[in-house]
Protein chains: 2
Amino acid sequence: MQLPVRSRLLLLLLLLLRASGLRAGERSSSAMEEIATEKEAEESHRQDSVSLLTFILLLTLTILTIWLFKHRRVRFLHETGLAMIYGLIVGVILRYGSPSSSGHDKPFSCSQEDRPFTTLLVNVSGKFFEYTLKGEISPGKIHNVEQNDMLRKVTFDPEVFFNILLPPIIFHAGYSLKKRHFFRNLGSILAYAFLGTAVSCFIIGNLMYGVVKLMKLVGQLSDKFYYTDCLLFGAVISATDPVTVLAIFNELHADVDLYALLFGESVLNDAVAIVLSSSIVAYQPTGENTHAFDATAFFKSVGVFLGIFSGSFMMGAVTGVVTALVTKFTKLHCFPLLETALFFLMSWSTFLLAEACGFTGVVAVLFCGIAQAHYTYNNLSVESRSRSKQLFEVLHFLAENFIFSYMGLALFTFQKHIFSPIFIIGAFIAIFLGRAAHIYPLSFFLNLGRRHKINWNFQHMMMFSGLRGAMAFALAIRDTATYSHQMMFSTTLLIVFFTVWIIGGGTTPMLSWLNIRVGVDPDQDPPPSNDSFQVLQGDGPDSERGNRTKQESAWLFRLWYSFDHNYLKPILTHSGPPLTTTLPSCCGLLARCLTTPQVYDNQEQLREEDSDFILNDGDLTLTYGDTTITANGSSGSCTAPTSLDGRKTKSSSEEALEHDLGMGDNEVTSRGTRLVFPLEDNA
Amino acid sequence: MQLPVRSRLLLLLLLLLRASGLRAGERSSSAMEEIATEKEAEESHRQDSVSLLTFILLLTLTILTIWLFKHRRVRFLHETGLAMIYGLIVGVILRYGSPSSSGHDKPFSCSQEDRPFTTLLVNVSGKFFEYTLKGEISPGKIHNVEQNDMLRKVTFDPEVFFNILLPPIIFHAGYSLKKRHFFRNLGSILAYAFLGTAVSCFIIGNLMYGVVKLMKLVGQLSDKFYYTDCLLFGAVISATDPVTVLAIFNELHADVDLYALLFGESVLNDAVAIVLSSSIVAYQPTGENTHAFDATAFFKSVGVFLGIFSGSFMMGAVTGVVTALVTKFTKLHCFPLLETALFFLMSWSTFLLAEACGFTGVVAVLFCGIAQAHYTYNNLSVESRSRSKQLFEVLHFLAENFIFSYMGLALFTFQKHIFSPIFIIGAFIAIFLGRAAHIYPLSFFLNLGRRHKINWNFQHMMMFSGLRGAMAFALAIRDTATYSHQMMFSTTLLIVFFTVWIIGGGTTPMLSWLNIRVGVDPDQDPPPSNDSFQVLQGDGPDSERGNRTKQESAWLFRLWYSFDHNYLKPILTHSGPPLTTTLPSCCGLLARCLTTPQVYDNQEQLREEDSDFILNDGDLTLTYGDTTITANGSSGSCTAPTSLDGRKTKSSSEEALEHDLGMGDNEVTSRGTRLVFPLEDNA
């Protein structure tokens, strides 16, 4: 077994030998040189193994403790908070426990007149060695370069987060969106994610700029801190990650709408935050004055945002579509292993494709996950479904806890922290105000158009649930080259710690304090006492106005749903209605190619799958009430409903709806969603 | 979107600007420099994504074609052979299709007097950049360094194979050893793996040395080629990998003994080959004459072999034991996700632990897999068992096909091939003779002691099944710095291609030509017509001599089985017999700690699990026949068998045996294994 001390002595010996001019013979000296280089490489490899082992130990401890907590029903500390604590402990041990090394690896200085090349060839006594560019280091830190081998080894290249760790997490989030409630609240979710994040970013950015100015005034600022840096901080810190809260919601079966809003918002705002931070970084004003507003650069940034977002969206959607087509037209489902492997590869390829084209892989992977869940999932065999779910679940679990452990570790292993009390306090205040400005005004405006108002207690819970996590950390650690970025990173780390431990720990008490119902059966929603029921049943001006509002708010979605149900799903999955009926006759050949025999067999199966998707919300049913009733003219090739019994005479979207609504002669009035036909009197 | 051409023009522009002394201002020039470096980094990142995408495309094509082949029952081309073909095609495209780049990345030469450092600091006009040592390159290839970006990007560091790709493959092999037949043929497998590989290595090495001498004679040899290089080649090429053959055996349900022999041999000889090649590399004779036999160095190499092998074995076994204990004493099985994640982490940690201690991770992972399958598997919940199996199965599948695709690619992307016809032809002859010298003599000696002789057709099949694959390739590509190693690598590649495509494709015809039975039900073995049955039933000198031989040949195994069944399994799993009964009374406290309540409940369950393990071979039953009958005295705390009905009065190993033997009043004579009690007359 090699020890660091021994190899260092050996190298020292070598140096001495060379210095004193002793040569034991050409071959043996070059052999010794080779051995020396090999030993260094071995040593480096061994340190790599030890550092990875450290993380495995952390993860193992975390798993065992999670089990213990679940066993004892401990809810104040979630697995992510736990992983951070263990990371902290190990960080302390590494920082103050491991010996610092210096001396033998004193870097060699070599001057170059030109720009740095990616590859360097170094001539050492006739032998050539190849070096690759690692990165720039600031002059003040040169002596730190080889300070502590162990700390360096456990410090990963930030791109590891974006290329290896975040994709499984984000994909799993997209793949497991509870579709029904997600789409029911789609408008609100989109509003919170896009508008809300932009608002939050802007407000936090400006508040922090004020804080920075204050710091400059009291002489606390050692280096430049631009307005764009503040905005970047705003974007980075706006990425919420309420893992803890959602886990508790899941466990206690808290209100499903609230869950959908929080989950949907957190998933989408991660995507928005990444692209926003990229566009802010891309904001390169020409000229010296970076404080002046450069309209060209601003619109270029907006263009970058839209371009990257839509490009990544397209990548993700395209891969989802391709996978769906492949799984539809091959009999791969007979071979679960092949099917699962293919599914995994195609999802991974989204990421690489997006990165290769200059878009953002993580965002693409999110939309790929959503598309896969929506289309491809239906084509997989039963075994492949569970296999792929389990595969992504375990990858997600490991990656997430790895990142949180690393966060804890980074507090001690990261060598360029800059903690500034004013900045930190200012940041906490800013995120509080930013969250408030994000949630309350938006909720007010959304409530003007929503059926189920977002109550005050929901808004307070959402306000409270602004935890920061993996995404904020990854975005902050991405670039820590300058003073301002290092300060932002250190502050982000503290914010994550505080929100995950303190806020996360306070979730359960908060739930009871705000009287948010738990123990909800997702399939029973909405509860019969919901006012939608009353409105539906009544006649009069209120219901009419209600009807009109509901129709408007759901128009976009209604459009999407018809398109998806009648065209996309039949093309990409084995579900009906058969394209041969819905496409115009000129596309008959195409329709026949794309329609598989299973369509006709799978009508039964379809209902169950789609019931996840078909909303049970009052307003949408009302809308569909409209569609159904005026079906004779408006729905193209839909066959007219002639009787309740002859199912074959109805269009399949109507059948889908009816089945999902559980229509039967006996189940007409119990739920708000069942009032399609009685509405004939209203329309 | 960035194009390589554009970024190159930009850089050229930069260089021109610098050269002409134009400066647009301190900040903007350094900004441009930053942009230039960033663009290079982006470009590099994009190329990385494209190269990975290439592999994903290869794997996807392979999967789809595999499905097609399975669908059409094509057996002449296995998935690994297919992956290689696709790799070849893509390799051709990359080699002759992608533009070579040169010029802008002309490496910078910098002289150093001393030895190469791991880190280099380069001063570029006041900014410092950090470079890391990549490796040594031979002077003749300097101009090739930046020849073709794309080819470089798809050429991985050889350590990727040993650190990322091989572990899942080897672990899965260990985890899925069909225990019953493996242990039934354990002695032969060990002989083939250890002795056989050593013999093969030695013979091939010497034959190749003759070939090399011949080449030198006819002037075909351009550089040095030592005896140790030939031996290394022998070790590398002795690692067989009959994936294709085994897959076909599996599909056709060919003879289980043959399957066990081949599979077991291939799995263990991979381990032996790695360690053997490491010890050959470690053979560093002192003095100038490397052709002379240096006894010290030789014994040092032997020591290295034994040390690494046993060290890796211990690591693997220890991790298996620890995982078994953890899964036994926690209720993790209530949480399949946690259990699977833990199982995965602990198995991975074996690898890192072994690497950190200077042993061989791959070998450790093999023994870890075997230990996990033997102990930990019994402690997992039903869902975790399938989850972990599926997880490792998909990892194995992806890694294996990735390596084989890479092999195909490497024929065109590897830039240092040296094809020498004499060497290649000599190598083919050498491996043929080496395999023959490996199989036939050993089989002869083994047959002297075996119950089921290894028939001639089995021996021919084993001779035929000497396919080379992933391990030989990985070992060969590990070090391609010198002329001899490059020639060895190129030859190994060709050997792999030939054996996988031609030999692999000829498996099915060979099976029928050799009249090897297929369609065998593994649970029916041994067939009733086997002569063991006859020997058992008969009396007389033959059976007695047979008895004595069988007892001797199984003594070691019998010892192991008792130890394992009575002590190891009860400690590490929930199986009986309870330690409270088997351990002496002084260890009572320890026994009580280690015995879980499930032991008493799980007696039923135990039988099924152990039936995989408990041999149904005549000789072992006879041995146990002895044990059972003389149980009163010889088996320590075993309770005497009083009647067939009162199960509680028997020791659990007897119960285990009886249950597995399907003892009941009605099933006494039908199988060779059922003759325990009638033997009372013989003993």
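Averaged over peptide B:158-167, the number of partner chain Cβ atoms lying within 10 Å of each residue's Cβ comes to 1. Once you reduce region A:437-468 and region B:173-242 to the center of their Cα atoms, the two points are 70 Å from each other. Sorted shortest first, the separations between the B:Phe76 label point and its copies elsewhere in the assembly read 7.2 nm; each point sits 7 Å from Cα along the Cα-to-Cβ line. With a 10 Å cut-off around each Cβ of A:466-472, the average count of Cβ atoms from other chains is 0.
To one decimal in nm, how far is A:Gly303 from the same spot in the other copies, if labels go 7 Å from Cα toward Cβ? Please give the shortest first. Once sorted, the set of distances for A:Gly303 reads 7.1 nm. Cα-Cα over 22 Å: which of A:Lys389/B:Lys389; A:Lys39/A:Lys153; A:Lys300/A:Lys416; A:Lys389/B:Lys569? Violating the 22 Å limit, Cα to Cα: A:Lys300/A:Lys416; A:Lys389/B:Lys569. Listing B:Ile425, A:Ile280 from fewest to most neighbouring C-beta atoms within 10 Å gives B:Ile425, A:Ile280. Taking every alpha-carbon pair under 8 Å whose residues sit at least 6 apart, region B:408-523 reaches a relative contact order of 34 percent.
For B:Met463, inter-copy separations between label points set 7 Å beyond Cα along the Cβ vector come to 8.6 nm, shortest first.
Shielding by partners for peptide A:353-365, expressed as the average number of C-beta atoms from other protein chains within 10 Å of each residue's C-beta, is 3. Among B:Tyr192, A:Tyr226, the order by Cβ neighbours within 10 angstrom, fewest to most, reads A:Tyr226, B:Tyr192. With neighbours defined as other Cβ atoms within 10 Å of a residue's Cβ, the residues A:His253, A:His565, B:His78 order from fewest to most as A:His253, A:His565, B:His78.
Since every read-out is calculated from the coordinates, none of them should be taken as a lab result. These numbers were taken from a predicted model, which means no experiment stands behind them. Every residue, glycine among them, receives a Cβ derived from its backbone with ideal geometry; neighbour counts consider all protein chains shown.
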